[in-house]
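The values are calculated or read from the model by the stated rules, or taken from the named source; none is laboratory data. Here the structure is a predicted model, which is why all the values come from computation and not from measurement. Note that we place each Cβ from the backbone using ideal geometry, even for glycine, and neighbour counts take in every protein chain shown. For accessibility, only protein heavy atoms count, side chains too; no ligands or nucleic acids. Shrake-Rupley method; radii C 1.70, N 1.55, O 1.52, S 1.80 Å.
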Amino acid sequence: MTLQARGLSVFTSTIFLILKTARNVIQRYSRSFCLSALIAVTPSVVFSQTIYIDEHAVSVQLALTEAQQQRGLQGVSSLASNEGMLFVFKPARPICMWMKDVPIDLDVGFFDEKGLLMSVHQMKAQTENTHCSQRPAAWALEMKGGWFKENKIRKEAKLNLGNGPQHPEA
């Protein structure tokens, strides 16, 4: 076996082992644990997923690391109607947001540990005013300016992290 073929064999075996380990981890641990572990290994990668606010599907970029949260949507010049950024805070804590270097108006909704919307703030582009949660927040959702009002999203709306819309029982 040539040195090059042996190297390819070792590489293939290593990749197979990594994939097998990843499958075992995903089967044994929660999705949020796996995502957090992946972020720790690859901090510059942007992850996205579909979440729901009541029955409204939203495609979000996840801001999990401090660097991602500080950068936020800086430099983003447009968002589609159901696109945004979800900031994840573990543990929940009082949160303040601002709009420095963000060229578009945004709304921010603050959600408690149960995923219930506590408040929505309208934020003007390129300002340094702070917009703070009144109580500890586990999540902050930034959306295009006016999104919460246009979609009739009100206080106590439920944030659902990807299991489909939640329908009240009859």
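Odds and ends about this structure:
- Odd one out for Leu73 among (1) part of a loop (DSSP other than H, G, I, E, B); (2) under 22 Å from Tyr52 (Cβ atoms); (3) at pLDDT below 95; (4) open to solvent by 10 Å² or more (accessible area, probe 1.4 Å): (4)
- Selected residue (criterion: farthest from Gly72 (Cα to Cα)) from residues of region 126-139 that are outside any strand (DSSP E or B) and either of a type in the set (Ser, Thr, Tyr) or open to solvent by less than 30 Å² (accessible area, probe 1.4 Å) (or both): Ser133
- In summary, Ala67 fulfils each of the numbered conditions (1) open to solvent by 30 Å² or more (accessible area, probe 1.4 Å); (2) assigned to a loop (DSSP other than H, G, I, E, B); (3) among the hydrophobic types (A, V, I, L, M, F, W, C) with the single exception of condition (2).
- Qualifying positions in region 140-153 - within 15 Å of Tyr52 (Cβ to Cβ) and surrounded by fewer than 22 Cβ atoms within 10 Å (Cβ to Cβ): Asn151, Lys152, Ile153
- Selection of region 26-64 for residues being assigned to a strand (DSSP E or B), modelled with pLDDT under 85 and open to solvent by less than 80 Å² (accessible area, probe 1.4 Å) yields only Phe47.
- Selection from region 91-102 of residues that are open to solvent by less than 60 Å² (accessible area, probe 1.4 Å) and over 16 Å from the mean Cα position of the chain (by Cα): Met99, Val102
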